[in-house]
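Notes follow the structure.
Throughout, read-outs are computed from the coordinates displayed, never taken from laboratory work. Note that the structure is a prediction, hence the values are computed from the model and not measured. All Cβ positions, even for glycine, are placed from backbone atoms using ideal geometry, and neighbour counts span all protein chains on display.
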Amino acid sequence: MSTAPRPENEYARLMALAQYGILDTVPEESFDRLVRLASHVLQTPAAYLNFVDGHRQWSKAAAGASPVETPLSESMCAWTITQDTPMVVEDTQQDPRFCDYPMVTGQPHIRMYAGAPLITPSGHRIGTLCVTDTQVHPLSDTDLQTLQDLAALVVTELELRAHNRVLSRDLKAANQHKADLRRTLEQAQTLEGITELTDLPLSSEEMTLSAAALLSDAIASDLTGLLVFEGNTLRVQAAHSHPRLSQAQRQVFDRLPRAPQGVLGAVRESALPMYLNDYASHPRALPEMLAAGVKQMAYVPLGTREGVTSVLMAIRLQDHPVGQWRGSDVDLLEAAGRTLRAGLERRQITDRARREARQDTLTGVLNRRAFEEDLVAWQTRAYNLALLDLDGLKGINDQEGHAQGDRLLQVFAGALEHELPYGAGLYRIGGDEFVVLLDSRDGERLNELVDTALLAARQVVAGTVGASMGVADSREATRGTLLELADKRMYSIKQRRKAQAAPDSLPSSES
């Protein structure tokens, strides 16, 4: 059994064959039609369209027989592609090259073979269009020309198919490019929106949650939220959930533990983003998240400020159409993270500066500026304004020194601030003058609270200390005159105290 010699430029021939992408593909009617036509016109029981690669002969189409795949050592077509003209074997039993070939001695018992090479425009012979018969079947020159013409049509069909593949690939690439551009534009708009958020008068958490909601559509996440680590506790705040999710799926965040553990523990300690395309494969995956059907998770650290660490988190569930975090998703998340970190740091500096601008440097309580700003906000409800004068401060300064006087102010202010109910404000508006703003319902307790603060203040000085206080209700006067009314009442109390003139008495708060 003879094996066909290798064609010249075999490597280039195989490359030409590979460019058509035809091997091991499913049947196609355009090629089946040409094979049937060859069998019909040349009046043979069988016809094949075969391609010859580096180690086998493979049938793309067959008429009157089943497609076959044979090794090169048993391939007649491997001989055909060594020449440009058709190869005709009138009687394979008499040809020493083929007489012992399995397809001659056994099924399909080929007796006559005629094949025309498939010659590409670049001149490479990549396969054959061939016809066979189980008996001697002479072919005329016209028959052979017809076989060549049909082989040329096969090549034309291959070229058209390859051209369509290129067009399809280019169209797909163009559509993908268009989708990428559209996504890039959407992401740029999202990033612009996040940048604008950092300039709005929002709290840090409000700004971050709003940014997470903006990101959701741009990165196609099912759930987006904020992880807030404070001490040994974890707070999870959902910012957005996709409308397609069920109520149970929207409660994924509720299943997270309220202490940093598993993946969340690693996230808290990391300054780098983390992207998990297969959450279940992570060695520290949380069972709660697996039970909720979490597939992909992304974490973007936003930094630690004043003991609070915040992390942006995005989740995709098992049935999500996007199988992994795309490069554009990563780019947007990290750009958003940088923008938010810068915004949060700027906000922290601004808030600190604002707090310092509203804070009395000696006592640490609020100052006159803060009082004037906050008084506007109190106008929506009934409140009391109390003006306090710390009596005896001048004597302490004169007899014990200004350091003791400062200490007295600090202790009194700190104690009174501690005693005041939640929501009340304490302001130092002058050397020894303080203002308290509190709900009208708490006004009755004010004398008691001031007395408690005075008791603490007397522990740090040797001299006599007391307080005079005038209280005005917001319903008694306008905002502009309320402080004046409280001042008049305080002055009246001072005058009454002087008139009583009890030298051995110990001053206390009076209103």
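Once you put a point 7 Å from the Cα of R165 and another 7 Å from the Cα of A342, both along the Cβ direction, what distance in nm separates them?
4.7 nm
Report the FRET efficiency, 1/(1 + (r/R0)^6), for E334 and R479, where r is their Cβ-Cβ distance and R0 is 56 Å, rounded to 0.05.
With a Förster radius of 56 Å, E is 0.70.
For the chain, with the dipole built from +1 on Lys and Arg beta-carbon atoms and -1 on Asp and Glu ones, taken about the Cα centre, which of T120, Y299, G470 lies farthest toward the positive end?
G470
Regarding the range 10-165, what are the three Cα extents along the principal axes, ordered largest first, in Å?
Extents along the principal axes, in whole Å: 42, 30, 27.
Pairs of alpha-carbon atoms within less than 8 angstrom and 6+ residues apart define the contacts here; what relative contact order does the range 282-370 have, in percent?
In percent, rounded to a whole number, it is 20.
How far, in nm, would the chain grow between C99 and A353 when pulled straight, counting 0.36 nm per residue and subtracting the alpha carbon separation?
Answer, rounded to one decimal: 81.5 nm.
Would you be so kind as to identify which of A453, N277, A65 lies farthest towards the positive end of the dipole of the chain, taking Lys and Arg as +1 and Asp and Glu as -1 on Cβ and the Cα centre as origin?
In the chain, that residue is A453.
Could you please state, rounded to a whole Å, how far the C-alpha centre of the range 464-487 is from the C-alpha centre of the range 419-462?
So the two Cα centres are separated by 13 Å.
I want the local charge near Q148. Using Cβ-Cβ distances under 14 Å, sum +1 for each Lys or Arg and -1 for each Asp or Glu among the other residues.
-3
Let me spell out the model: positive unit charges on the Cβ of Lys and Arg, negative unit charges on the Cβ of Asp and Glu, origin at the Cα centre of the range 366-510. What dipole size does that give, in debye rounded to 20?
260 debye
How much length is gained if the chain between V41 and A271 is pulled fully straight, taking 0.36 nm per residue apart and subtracting their Cα-Cα distance, in nm to one decimal?
Fully extending the segment from V41 to A271 adds 75.3 nm.
So what's the back-of-envelope 222 nm ellipticity for the chain, counting only DSSP H runs of four-plus at -39500 (n - 2.57) apiece and dividing by all residues, rounded to 500?
The helix contribution divided over the chain gives -14000 deg cm²/dmol.
To the nearest Å, what is the center-to-center distance of the range 392-413 and the range 214-258, using C-alpha atoms only?
53 Å
Just to check I understand the Karplus step: with θ = phi - 60° and J = 6.51 cos²θ - 1.76 cosθ + 1.60, what whole-Hz values come out for the range 28-40, glycine and proline as x?
3J(HN,Hα) across the range 28-40, in whole Hz: 10, 4, 4, 7, 4, 5, 5, 5, 4, 4, 4, 4, 6.
Check L286: other-chain or 5+ apart residues with amide H under 5 Å from its amide H, H built from backbone geometry?
So L286 has HN proximity to V263.
Expressed as a whole percent, how much of the Cα-Cα distance distribution for the chain exceeds 34 Å?
Looking at the chain, the distances longer than 34 Å represent 66 percent of pairs.
With +1 on each Lys and Arg Cβ and -1 on each Asp and Glu Cβ, and nothing else charged, work out how big the dipole of the chain is about its Cα centre, in Debye to the nearest 20.
Dipole about the Cα centre, nearest 20: 1060 debye.
Quick check: from the Cα gyration tensor, does the range 202-300 come out rounded (a/c under 1.5), prolate or oblate?
Because its axes are fairly even, with a/c under 1.5, the range 202-300 counts as rounded.
Using Cα pairs closer than 8 Å and at least 6 residues apart in sequence, work out the relative contact order for the chain, in percent.
Computed over the chain, the figure is 8 percent.
For Q359, enumerate residues with amide H under 5 Å from its amide H, sequence gap 5+ or separate chain, H modeled in the peptide plane.
N367
Apply the Karplus curve 6.51 cos²θ - 1.76 cosθ + 1.60, θ = phi - 60°, to the phi angles in the range 136-148 and return the couplings in whole Hz, x for Gly and Pro.
Values per residue, Gly and Pro as x: 4, 9, x, 10, 7, 4, 5, 4, 5, 5, 4, 5, 5 Hz.
Straight-line reach from K295: which lysines have Cα under 23 Å away, leaving out those fewer than 8 places along the same chain?
By straight Cα distance, K295 reaches no lysines at all.
Under 1.5 on a/c is rounded, so check that first for the range 366-510, then, if it is not, pick prolate when a/b is larger than b/c and oblate when it is not; a ≥ b ≥ c are the square roots of the alpha carbon gyration tensor eigenvalues.
prolate
Show which lysines lie in cross-link reach of K498 when reach means a straight Cα distance below 21 angstrom and same-chain residues fewer than eight apart are skipped.
Filter leaves K394, K488.
Below 8 Å, C-alpha to C-alpha, sequence gap of six or more: please give me the relative contact order for the range 204-355 in percent.
That works out to 24 percent.
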